[in-house]
Amino acid sequence: MDQEKDKYREILCIGAGYVGGPTMAAIADKCPGYNVTVADIDEKRIAAWNSDTLPIYEPGLDAIVKKTRGHNLFFTTDIPAAIKKCGIIFVSVNTPTKTFGDGAGKAADLQYWEKTARAIIEYADDDKIVVEKSTLPVRAAEAMSRILQSNTKGLNFEVLSNPEFMAEGSAVSDLENPDRVLVGAMQTRSGIEAQKKIVAIYANWVPKKKILSTNVWSSELSKLVANAMLAQRISSINSISAICEKTDADVNEVSKAVGMDNRIGPKFLKAGVGFGGSCFKKDILNLVYLCDHYGLDEVARYWEQVVLLNDYQNRRFVKNIILNMFNTVAGKKIALFGFAFKADTGDTRESPAIYIGKMLLEERAELNIFDPKALENAKKELKDTEGKIEYFEDPYECAENTHAIALLTDWKEFADYDYKRIFDSMAKPAFIFDGRNMLDHKKLFKIGFNVFPVGSEPMKHL
Ligand code: UDX
Ligand code: ADP
């Protein structure tokens, strides 16, 4: 194999987080003909990827990492050497929402991206294909291309967009069987050549008709729009849950009836405490920023409302707790069942539990927190928050002597607990606020709980 061909069999991913780690493990697993290196500046994170305890929890991930690590999957902090060696560089560093300056609270903070681009310029000795994997604002690839082309070594960097659509908790199966893979490239001869090389990687396991080759801006925008539309469905059904609570309608019945329309479909219509996660809010705010930038005020306000409604749903949940616990939670103990933003992950970024927990603490409630996987992250999220918080490894101990349970994450195991035992150990009257509508409410009511679902009539003994 000649050297040129060889180099495009060497893949580097800069950023070993929730996106980079699982995606590269899947590529290594499906493409034995490629060597995949994942690099990060965070030494602890890389050490964890090289250990038996991976830095993130994802069902099925341990098995594929075990199978490929040391064969064609490598984790390193030696970014310069990895840049030199590899012809294809995926970039999946973090791109949080800016917290300062122009666009604060909306635009993406691209400092990590730019630092990565500068590292590529500094250490590259030959041409590279650079692939954006992090979600970035539309036209980021163009900006990146300009930075990379400013190199004085006469090198060519082709910047492509290949957004990741996997969801946390199902990352491995989403990666193994994606609905589609998007590869966006500049429509120049070298852009199209590079696009073919990235398509060839995915063609190892993804059917050709599911791999879409587009221009770079369509690819970037599609990622933002997919997340915005998913989040919009959740805000839509959550807005209806508020109407249901004022009437005799049940949001679960409405959701089922509406979702059975083939044109609408049943997914992402589950009412609850609101959406969380690192993507939805950030991507919508990015879209809003973009619309504002182009003077599309009506469009910006339309999408912004999806986020505002989500905040309203968090607040409504807390208000409902306070109202039903005789207008005060001060000095009362409340057990939070779940802190992760969704089930099957330890991730707490933008979790509704953060906002709900903080609002309850401001009302002087005391919190007992249990989560099967997210306890360490919960501690970090609430580290500087004033108030009385205790963390528990066991749900039964967590609920003991509390006045109420607020269920905030849809962990399946929550439905299997012995709620009679839990009820007996709680202060009375005992309340349960099912923020995910996943428990057997009639059964809980029979046990003695006052039960408050989202979007349907409460069951009260009082
Ligand atoms: C999302 C997108 O699904 C994925 O394609 C993209 O790559 C990254 O962002 P993720 O944030 O991991 O993935 O989780 P997702 O399953 O989409 O859930 C997001 C939030 O919405 C969670 O807080 C979840 O609990 C909530 N949700 C989801 C609801 O409240 N109701 C629903 O019906 C579905
Ligand atoms: P995501 O959910 O998008 O994967 P994460 O925060 O989980 O985001 O991961 C991003 C990773 O990128 C982190 O491990 C962080 O240390 C890494 N990172 C940030 N900046 C750089 C950089 N300049 N070089 C290498 N890695 C970086």
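The values are calculated or read from the model by the stated rules, or taken from the named source; none is laboratory data. Bear in mind that the values here come from a model prediction, so they are computed numbers and not experimental data. Note that we place each Cβ from the backbone using ideal geometry, even for glycine, and neighbour counts take in every protein chain shown.
Descriptive notes on the structure:
- Total residues in the stretch 278-307, condition more than 16 Å from ligand 1 (Cβ to nearest atom) and assigned to a helix (DSSP H, G or I): 14
- Selection of the stretch 338-351 for residues being in contact with a Gly (Cβ under 9 Å, 6 or more places away or on another chain) and not acidic (Asp, Glu) yields GLY338, PHE339, ALA340, PHE341, LYS342, ALA343, THR345, THR348, ARG349, SER351.
- Failed item, numbered, when ILE64 is tested on (1) in contact (Cβ under 8 Å) with a residue 60 or more places away in the chain; (2) within 16 Å of ligand 2 (Cβ to nearest atom): (2)
- Flag if ILE56 is away from ligand 1 (no atom under 16 Å from the Cβ) and either crowded, with 17+ Cβ neighbours inside 10 Å or in contact (Cβ under 8 Å) with a residue 12 or more places away in the chain (or both): no
- Yes/no for SER235 being at pLDDT 95 or above, within 21 Å of LYS282 (Cβ to Cβ) and not assigned by TED's automatic domain parsing to the domain that holds ILE89: yes
- So SER190, is it under 27 Å from the mean Cα position of the chain (by Cα), assigned to a helix (DSSP H, G or I) and surrounded by fewer than 18 Cβ atoms within 10 Å (Cβ to Cβ): no
- The set of residues in the stretch 1-49 that are more than 16 Å from ligand 2 (Cβ to nearest atom), modelled with pLDDT of 95 or more and either in a loop (DSSP other than H, G, I, E, B) or touching a helix residue (DSSP H, G or I) at 6+ places or on another chain (Cβ under 6 Å) (or both) comprises TYR8, ARG9, GLU10, ALA28, ASP29, CYS31, PRO32, GLY33, TYR34.
- All told, ALA82 falls short of being more than 16 Å from ligand 1 (Cβ to nearest atom), of a type in the set (A, V, I, L, M, F, W, C), surrounded by fewer than 18 Cβ atoms within 10 Å (Cβ to Cβ) and assigned to a helix (DSSP H, G or I).
- Residue identified as under 17 Å from the mean Cα position of the chain (by Cα), closer than 21 Å to VAL454 by Cα and either buried (at least 20 other Cβ atoms within 10 Å of the Cβ) or within 13 Å of ligand 1 (Cβ to nearest atom) (or both) among ILE321, ILE334, ILE369, ILE354: ILE354
- Residues that are at pLDDT below 95 and surrounded by fewer than 20 Cβ atoms within 10 Å (Cβ to Cβ) within the stretch 167-185 comprise ALA167, SER170, listed in sequence order.
- A search for C-beta distances below 7 Å between a residue of the stretch 30-52 that is more than 11 Å from GLY17 (Cβ to Cβ) and any residue that is surrounded by 20 or more Cβ atoms within 10 Å (Cβ to Cβ) and among the acidic types (Asp, Glu), counting only pairs 6+ apart in sequence or on different chains, returns ILE46/ASP40.
- Of all the listed residues (ILE422, ILE447), the sole one being among the aliphatic types (A, V, I, L, M) and either free of Cβ contacts under 8 Å to residues at least 12 places away in the same chain or surrounded by 21 or more Cβ atoms within 10 Å (Cβ to Cβ) (or both) is ILE422.
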